[in-house]
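Here's the structure, in structure tokens; my notes come after.
The values are calculated or read from the model by the stated rules, or taken from the named source; none is laboratory data. Given the structure is predicted, the values throughout are model-derived calculations rather than measurements. When we count neighbours, we look across all protein chains shown, and the Cβ atoms used for this are built from the backbone with ideal geometry, even at glycine. Each accessible area value is taken on the protein alone, full model and side chains, heavy atoms only, with ligands, DNA and RNA left out. Shrake-Rupley method; radii C 1.70, N 1.55, O 1.52, S 1.80 Å.
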Amino acid sequence: MNLFFYIAAAIALISTIMAISGRNAIHSLLFLILSLLAVSVIFYLLNAPFIAALEVIIYAGAIMVLFIFVTMMLNIGIERSTEKKWLNPRMWIIPSILAAILLTDLILAMKHLPASPSVDQIILPKQVGISLFSTYLLAVRLQQYF
């Protein structure tokens, strides 16, 4: 399990560095999505599948797609030469390799992890919701205004 964790952490680190240092906004956002997916694999390896699913659905799925949509919408007057350069297959080599390594890491980790979680108590999504709207209701209500 440690090996899978370190592989996912390395992919998260590499893709985050590529997202920060990238010159193209779309490519940086795609690297950021890959980084968020690697973080969700790390959460899954730490026996937190609910948080991993939320990471994929909320961050990598919804928010990043909106960022990409707005970024692509703002670049309306792009020249054809720049657009053709983005479609070059050579531009997709590094993200494809990192995504393939991450997918292989997740598949191998799922094969080697035990079927039952190692913790004594399983926290279900229903219990998280009940806790949010009973114990932490004030924090949830205050979040609406900020």
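Observations, loosely collected:
- Modelled label positions at GLN121 and LEU137, each set 7 Å beyond Cα in the direction of Cβ, lie 2.2 nm from each other.
- Efficiency of FRET from Cβ geometry, LEU66 and ILE101, R₀ 35 Å, rounded to 0.05: 0.85
- Length released on extending from MET91 to MET73, taking residue separation times 0.36 nm less the Cα-Cα span: 4.4 nm
- Accessible surface for LYS126 stands near 150 Å², nearest 10, in the context of the full protein assembly shown (1.4 Å probe).
- When PHE69, PHE31 are compared by accessible area at a 1.4 angstrom probe, the order from most to least is PHE69, PHE31.
- Cα-based shape type of segment 1-63, given that a ≥ b ≥ c are square roots of the gyration tensor eigenvalues and the cut on a/c is 1.5: oblate
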